[in-house]
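A quick write-up on the structure given underneath.
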Amino acid sequence: MILHSEDLHRIARDEQDRRDGFRHQVHVCMAAGCLSCGSGEVKQALEAEVARRGLAGRCQVKGVGCLGLCAAGPLVAVDDGATRYQGVQAADAAAIVDALGGSPVERLRCSGDMAFFQRQTRIVTENCGRIDPERIEEYIAAAGYHGLHRALTGMSRQEVIDEVGHSGLRGRGGAGFPAGLKWTAVAKAGDSLKFVICNADEGDPGAFMDRSVLESDPHRVIEGMAIAGYAIGASQGFIYVRAEYPLAVKRVRHALAQAERLGLLGNGIFHTPFTFHIKVRLGAGAFVCGEETALIASIEGRMGRPRPRPPFPAEFGLWEHPTLINNVETFANVAPIIRNGAAWFSAIGTEKSRGTKVFALAGKVVNTGLIEVPMGTTLRDIVFEIGGGIPGGRRFKAVQTGGPSGGCIPSQFLDMPVDYESLAQVGSIMGSGGMIVIDDSACMVDVARFFMEFCMTESCGKCVPCRVGTRQIHDLLARITAGQATPADQATLEDLCDLVRHTSLCGLGQSSPNPVLTTLKYFRDEYHAHIHERRCLAGACSAAGEVV
């Protein structure tokens, strides 16, 4: 089956008519976080209660993707989020159905006026919590695949690339390289065979942005990849996702099958000469495979280890052919840009960091979950407005951005705008979007040791600076936290960080010293206390045999 434009509009119209036939909509979060809390049982109980009362024709109960406030799951939203409920159990089904069209169940209510919901700007996550991720018709009714249709039938390949370039979209996988420049490089590569890869190998501790998007709105990523394939002249794409994300894998595969059934993937899409296929490849959980050359090696069936660059994948990528690699969030921005135009997207964010950023807000903060905010939003707004502040009456101490190789940012920078340039100035990185809040109960030397242990364990071992250097740095940090280090050890630590940073082969090693360097810079007194006074200022470490 190959769709015409009128078929796309017909599907959207039929789906909207179907939705309009229900007086009430009850959305149950069926993303991994809420499922682990029992949302599957909640959905079954609500369906049974609606059926028992004979309301099946007037009230639709459906599973949706991530509603965002993961700390309060299972979550249920009624009538387009007019009322949200948190901590719902199967036993609450009758009370929720009783309240339809009337006063909400106050004991369950999650206020719709919460800054967590009101202060966000949703582009990547606009469909999360609104559509059933397993029904392509709902995605189409939400303007899905309209961007692909516009690109294929109304724009040249170069016009698509120009639109992405003029939007100011930068890669959301960590480095922030301008997407338009990367697409241009692959498009200009002199090879008839090219590939598109979606990097969904999300391995940062505390990060779950890509997983949530794939679980909640997989067609959005698929559509973005297809548009990219058309723009650069590729006919084959791969989604590289870690096997630890079984729900995301299941929904992506289901979405691919649906898209192929409707002719939105395959040969002659929208009756044009464009052909595009996508396959799923599973990663085994190696953190280093988030690096693009290691990822390519893994897809090819080789050990996932990085190689020196240049040549870059844009010229010499998968099976030695030009390859475009972007991450989940980057591709999820593409279709809205094509639908709404570059000017619309570039009006959001800052001058050099356009659009929004999705963050996994975790750690010592009241409202942990998935958020999306304009670039340039301050750390204070994220932590204290959207995040609800620090629980238990503790004080904010730092926020760690950018995953295990990001920096720890102290309270003096709470009013700093979160964008690529500002984070780099204080010694951190955007990364893929993990944001871990740290309170005053934590020892920052021990925090640095924790992240260095992760980098040490995940090093592929190919280059000596990373393989040996990260272990030596970790061992020095362990000596410091145990109260066994000397001032000479601290000097060695700083020298090692500089060495590993400048001589490692790939980004894992090059950025692994960031937590150490930023804690040395902003929390030097804690290192001094461990080394010179044999005590931990936070009372969290065993120094000189005792916790102070």
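Read-outs: derived from the displayed coordinates by stated rules, not from any lab. Keep in mind it's a predicted model, so treat the numbers as computed, not measured. Here Cβ is always computed from backbone atoms with ideal geometry, including for glycine, and neighbour counts include all displayed protein chains.
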Net lengthening on full extension, W344/A175 (0.36 nm per residue, minus Cα-Cα): 58.5 nm
In the stretch 13-42, which residues have a backbone nitrogen under 20 Å from the label point lying 7 Å from A48's Cα in the Cα-to-Cβ direction? 26-30, 35-42
Could you run the Debye sum over the Cα atoms of the chain, one equal point scatterer each and no solvent, and tell me log10 of I(q)/I(0) at q = 0.06, 0.07 Å⁻¹, two decimals? -0.31, -0.42
The stretch 19-111: which GluC sites (Glu not before Pro) are DSSP loop and have at most 11 other beta-carbon atoms within 10 angstrom? E106
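Can you sort L262, L414, L75 by how many other beta carbons sit within 10 Å, fewest first?
Exposure proxy ranking, most exposed first: L414, L262, L75.
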Karplus-derived 3J(HN,Hα), 6.51/-1.76/1.60, for each residue of the stretch 247-264, Hz, glycine and proline x: 5, 4, 4, 4, 6, 5, 4, 5, 5, 4, 5, 5, 5, 5, 4, 8, x, 8
Hey, which of these cross-link pairs are over 25 Å Cα-Cα: K43/K250; K43/K364; K188/K357; K397/K521; K194/K352? K43/K364; K188/K357; K194/K352
Using θ = phi - 60° and the Karplus curve 6.51 cos²θ - 1.76 cosθ + 1.60, what whole-Hz ³J(HN,Hα) does each residue of the stretch 72-85 get, with Gly and Pro shown as x? 10, x, x, 10, 9, 10, 10, 6, 6, x, 4, 9, 10, 10
If I take R0 = 60 Å and measure r between the Cβ atoms of T275 and S103 in this structure, what FRET efficiency does the formula 1/(1 + (r/R0)^6) give, to the nearest 0.05? 0.65
Roughly what angle does helix 464-481 make with the longest principal axis of the chain, taking Cα atoms, 0 to 90 degrees, to the nearest 10? 70 degrees
May I ask you to evaluate 6.51 cos²θ - 1.76 cosθ + 1.60, the Karplus curve with θ = phi - 60°, for each residue of the stretch 327-341 and list the ³J(HN,Hα) values in order in whole Hz, giving x for glycine and proline? 8, 3, 5, 4, 5, 5, 8, 5, 4, x, 5, 5, 5, 9, x
Tilt, helix 444-458 to longest principal axis of the chain (alpha-carbon atoms), in degrees rounded to tens, equals 70 degrees
What are the residues whose amide H is under 5 Å from the amide H of G363, where those residues sit 5 or more places off or on another chain and H is modelled from the backbone? V437
Whole-angstrom gap from the stretch 391-469 to the stretch 219-293, using each part's C-alpha centre: 31 Å
Could you list the residues of the stretch 390-417 with an amide nitrogen less than 20 Å from a label point located 7 Å from the Cα of D525 in the Cα-to-C-beta direction? 394-400, 408-415
Would you mind checking which residues have amide H under 5 Å from C110's amide H? H placed 1.01 Å from N; only 5 or more apart, or other chain. R84, Y85, Q86
Cα axis of helix 179-188 to longest principal axis of the chain: angle in degrees, 0 to 90, nearest 10? 80 degrees
Given 10 as the ceiling on other Cβ atoms within 10 Å, longest exposed-site-free region of the chain for trypsin sites (Lys or Arg not before Pro) in DSSP loops: 108-301
Between I409 and residues 5 or more places away or on another chain, which pairs have amide H atoms under 5 Å apart, with H built 1.01 Å from N, and which residues are they? V399, Q400, T401
